[in-house]
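First up is the structure itself, then whatever we jot down about it.
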Amino acid sequence: MANDKNAGSGKLGTFGYNALALSIFILLWTIVSWISESLFLPTPWTVLKSFLDLCTYGDVEGISLGMHIFKSTLRIFAGFVAACILGIPLGILMGLYPRVYDSTKSVIEPIRFIPPVAWIPLVIVLLVGFSRYAFIIWLGAFFPIFIGTLLSVRSVNPTHIDVPRSFGAKRLYIIRKIVIPSTLPDIFTGMRVGMGIGWDCIMAAEMIGGENEGLGVMILKYAELIRIEDIMVGMIVIGAIGFFINEIFIFVERRVFKWKEAIVIS
Amino acid sequence: MERELIDVDMSMKFDNLSVLEDIKFKVHENEFLVIVGPTGCGKTTLARLLGGLSKPSSGHVTIAGEDVNPKIHNVSFVFQEPSCIPWLTIWDDISMGLEIKGNNPQTAETKARIKEVIKLVGLDGFEEYFPKQISGGMKQRVAIARAYATKPDFLLMDEPFGHLDAQTRYLMQIEIMRIWEREKKTVAYITNNIEEAVYLATRIIVLSKLPARIKAEHSINLPRPRDLTGPDFLRIRAEITEQCEVVG
Amino acid sequence: MTNNYAEKMKTMGLNFFTLAMVLVLWTLIAYWQKSPFFATPYDIVLGFVQMVTVGDVEGYRLWSHMLHSLVRVSAGFAAACLVGIPGGLLLGLYPKIYDRTRILVEPIRFISPIAWIPMAIVLLVGFSRYIFVIWVASFFPIFVSTLWSVRQVNAVYVNVARVAGASRLFIIRKIIFPSILPSVIGGMRISLGISWMCIVAAEMIGGQMVGIGRLILKSAMVTRMDLVVVGMISIGFVGYATNELIIFIEKRIFRWRAAVSIE
Ligand SMILES: Nc1ncnc2c1ncn2[C@@H]1O[C@H](COP(=O)(O)OP(=O)(O)OP(=O)(O)O)[C@@H](O)[C@H]1O
Ligand SMILES: [Mg+2]
């Protein structure tokens, strides 16, 4: 908004100010940590060094940062894909047959309100290894995807359905041509939200689950050793991955949903 | 008088709300039948029944002696609500009816037909546009082109220009008349605008307020293009207006 | 409309039926498994009674766990509202400040709040750990939804007021505030959901022995699966109740809105 007037130079201005803000921030951080010499406030350079060490030598147990990232993303991916495979068709089906959802609400709704993280101890007892994590991620990502799809199917514009119906289209044609394209943006939003919750869940599951690979457990290990710089590295990596995945979603949404009036992203 | 195509004799209720009572009329081949009635009287309900989108609570709506069914009969519907499909381009939207009727949209023949109707409604050059990129009047033309493309035996239009401003509406009326004179069709056209009715119709059916009954019928034999200010036009218009205002 | 009523009764009946089916199936599986890891619904009722009357292995009763979790969430959540709403309002009114310093705020948004727990463990002690984690978790949805809704306030309304000679404060109070309120409350509801998830994680990982999250974890350690499920149901219930509370307030405040979407 602010830079509409002089788009070209305005954009550069905003970018420049951001660079300036970042520089000032890093400078301040350096100075304060340098003066305070506190264990709890490492300098940016210490953090950078920790990052390089984590990449090359690995953590206290010799597990490299890359390995932690790999493990966490693999778990997320498995649970997330499972959530999509189950949540999208089920959401479409229950949206098309509202009776089914309305008559099973008494079972579905209470489960929806139990935070997925609260399942972790139960899952630790009942499942082992990889399946623990995949299950928790699945649980966390499932509901946003499922509910998003379901509500979206229910709110398909009835006139859009009547158009093919007025030509005598078959049910499957209507689902393929109208229902699915119309719900796709909401499915995507559900997936984006589900992915975010999936990340929260994997962090908690790794911290509680007791294995020693994964970004969540990595930062917890360093909390016990009071090594702030390594915790910071972990958090920055987590934030960067989260940001990156979100960008991919937004990119795809912009591409696929060209027909949308306007895309509101927050 | 031409052959009778559609035979209507039915009543319609929603739960306990009686909307249409003893609606009984016929539609003849190639006639432009206009149905007028006050807002909320059940015009859309009637149109949906004529198009086979819903079933009457009692009685029948038949086309050539058979219960109307879009899966069997070649009927088309132009909706009162904006009905462009947001994720389809104008071209894909217009080809939808043809596709459902079993034409492969990739064949030269189908493509030629789509081109033809696009030209007919004056949308050439906008084939690859999405609905969000065109005006309200253009969207209505897409809906008409879509309905026309399948060469329907029976074309239903439910207040197709109700959302448009008076100027555009007038232009669209001229256009629809032009199209109808070129490709004669059996049309049932629904409106609450009496001037529009007299301008377009070969015959007018007047509905009462809810629950709707048939209140009057008029054959309009004025020459075309009709003069909105001609004495005969004004006389018929006044007559129907009077009928509409009598408490129904 | 009798039809409608019959329909409702039928839906309710079917709901009872599914619920009963699930409970029967669950009981059957539990009996068939004969495993200490699988509590029957009956065990859970007994567990619930025990939690209410006697308490867990350390003698903390259910209400005490619930109260602790509730206080932690409320405190962190209130702190997030206190900072997030005025902060969002301010940066929404001066969009340049936000646009030019985004790079500092935006990356933090993508760090999962649970990843802050180890940091909180190192830097803080006791109660403040939990508050901090909840604060981080609920701050961003509130802050971001406030900020964006301020930016999207219909310029027409603002101009109408401005043309009429209204002061800046008047515009904020009478026009901006009412029009952003719905999305601010929307942000609060999202925050609350995340907070309930984070408090469970924080309680499991942080040190104190009381809190529903901790109840679930320590019961699992001694394979008291009945108490684990009691804990899970309790947290679900509290989460549900607080969500309903916000919806209730929302409905009360926004009677002027055409329809309140409940989801
Ligand atoms: N599906 C439905 N269920 C219950 N009542 C309905 C339904 N559809 C229409 N009605 C009722 O039937 C009556 C007629 O509605 P209809 O849409 O046919 O009116 P209309 O003549 O097309 O009005 P307008 O000119 O405003 O388009 C209204 O009272 C409406 O409430
Ligand atoms: Mg209507």
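The values are calculated or read from the model by the stated rules, or taken from the named source; none is laboratory data. All of these numbers come straight from a predicted model, not from anything done at the bench. Every residue, glycine among them, receives a Cβ derived from its backbone with ideal geometry; neighbour counts consider all protein chains shown. All accessible areas refer to the heavy atoms of the entire protein, side chains included, with ligands and DNA or RNA removed. Shrake-Rupley method; radii C 1.70, N 1.55, O 1.52, S 1.80 Å.
Points to keep in mind about this one:
- Residue satisfying all of: in region A:198-220; open to solvent by 20 Å² or more (accessible area, probe 1.4 Å) and charged (D, E, K, R); nearest to residue A:244 (Cα to Cα) among these: A:213
- Subset of region A:235-255 that is more than 7 Å from chain C (Cβ to nearest Cβ) and not hydrophobic (A, V, I, L, M, F, W, C) - its residue that is least open to solvent (accessible area, probe 1.4 Å): A:253
- Selected residue [within 24 Å of residue C:87 (Cβ to Cβ), assigned to a helix (DSSP H, G or I) and in contact with a Gly (Cβ under 8 Å, 6 or more places away or on another chain)] from C:179, C:195: C:195
- Any chance residue C:173 is more than 11 Å from chain A (Cβ to nearest Cβ) and either under 26 Å from residue A:197 (Cβ atoms) or not hydrophobic (A, V, I, L, M, F, W, C) (or both): yes
- Taken across region A:78-97, residues that are at pLDDT 90 or above and under 15 Å from residue A:203 (Cβ atoms) do occur, with at least one present.
- Residue match in region A:187-197 (condition: farther than 30 Å from residue A:63 by Cβ, crowded, with 24+ Cβ neighbours inside 10 Å, within 13 Å of chain C (Cβ to nearest Cβ) and touching a Ser or Thr at 6+ places or on another chain (Cβ under 7 Å)): yes
- A single member of B:176, B:190, B:194 is among the β-branched types (Val, Ile, Thr), within 12 Å of the chain's Cα centre (by Cα) and within 16 Å of ligand 1 (Cβ to nearest atom), and it is B:190.
- When residue C:142 is tested against (1) buried (at least 19 other Cβ atoms within 10 Å of the Cβ); (2) facing another protein chain (nearest Cβ under 10 Å); (3) of a type in the set (A, V, I, L, M), just one condition goes unmet, and that condition is (2).
- Test: residue in region C:165-179 that is among the small types (Gly, Ala, Ser), touching a residue at least 24 places away in the same chain (Cβ under 8 Å) and either open to solvent by 60 Å² or more (accessible area, probe 1.4 Å) or out of contact with any helix residue (DSSP H, G or I) (no Cβ under 6 Å at 6 or more places or on another chain) (or both): yes
- Single residue of region C:119-161 satisfying the filter (touching a residue at least 12 places away in the same chain (Cβ under 8 Å) and hydroxyl-bearing (Ser, Thr, Tyr)) that is nearest to residue C:75 (Cα to Cα): C:130
- Filtered residue count, region A:51-79, keeping only those that are closer than 20 Å to residue A:108 by Cβ and open to solvent by 20 Å² or more (accessible area, probe 1.4 Å): 0
- Residue ID - farthest from ligand 1 (Cβ to nearest atom), chosen from residues in region B:145-173 that are farther than 14 Å from residue B:51 by Cβ and of a type in the set (Gly, Ala, Ser): B:149
- Test: residue in region B:111-128 that is more than 16 Å from ligand 1 (Cβ to nearest atom) and within 12 Å of chain A (Cβ to nearest Cβ): yes
- Filtered by the rule that a residue be part of a loop (DSSP other than H, G, I, E, B) and under 29 Å from residue B:14 (Cα atoms), region B:194-248 gives B:208, B:209, B:210, B:211, B:213, B:246, B:247, B:248.
- Taken together, the criteria place residue B:144 among residues that are among the β-branched types (Val, Ile, Thr) and either farther than 30 Å from residue B:37 by Cα or not in a loop (DSSP other than H, G, I, E, B) (or both).
- Residue count, region B:72-90 (criterion: in a loop (DSSP other than H, G, I, E, B) and away from ligand 1 (no atom under 16 Å from the Cβ)): 9
Yes/no per residue for (1) open to solvent by 30 Å² or more (accessible area, probe 1.4 Å); (2) facing chain A (nearest Cβ under 8 Å); (3) at pLDDT 90 or above; (4) within 19 Å of the chain's Cα centre (by Cα):
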site	(1), (2), (3), (4)
C:187	no, no, yes, yes
C:196	no, yes, yes, yes
C:208	yes, no, no, no
C:229	no, yes, yes, no
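- Highlighted here are the helices (runs of 4 or more DSSP H) found entirely within region C:14-128 that include at least 2 residues which are surrounded by 14 or more Cβ atoms within 10 Å (Cβ to Cβ) and away from chain A (no Cβ under 11 Å): C:41-53, C:62-93.
- Picking from residues in region B:45-59 that are more than 14 Å from chain A (Cβ to nearest Cβ) and surrounded by 15 or more Cβ atoms within 10 Å (Cβ to Cβ), the one that is farthest from ligand 1 (Cβ to nearest atom) is B:59.
- Residue within region B:31-44 that is modelled with pLDDT under 95, away from ligand 1 (no atom under 11 Å from the Cβ), part of a loop (DSSP other than H, G, I, E, B) and open to solvent by 10 Å² or more (accessible area, probe 1.4 Å) present: yes
- Any chance residue B:240 is more than 14 Å from ligand 1 (Cβ to nearest atom), under 18 Å from residue B:23 (Cα atoms) and open to solvent by less than 10 Å² (accessible area, probe 1.4 Å): no
- Scope region B:120-131; condition at pLDDT 90 or above and either open to solvent by 50 Å² or more (accessible area, probe 1.4 Å) or part of a loop (DSSP other than H, G, I, E, B) (or both); matching residues: B:123, B:124, B:125, B:126, B:127, B:128, B:129, B:130
- Contacts under 7 angstrom Cβ, first residue in region B:5-17 being within 16 Å of ligand 2 (Cβ to nearest atom), partner among the hydroxyl-bearing types (Ser, Thr, Tyr), 6 or more apart: B:12/B:45; B:12/B:57
- Residue A:223 within 12 Å of chain C (Cβ to nearest Cβ) and crowded, with 24+ Cβ neighbours inside 10 Å: no
- Residue check, residue B:198 farther than 28 Å from residue B:93 by Cα, more than 16 Å from ligand 2 (Cβ to nearest atom) and not assigned by TED's automatic domain parsing to the domain that holds residue B:109: yes
- A count restricted to region B:157-171 and to residues that are more than 15 Å from ligand 2 (Cβ to nearest atom), more than 14 Å from residue B:135 (Cα to Cα) and surrounded by 15 or more Cβ atoms within 10 Å (Cβ to Cβ) stands at 1.
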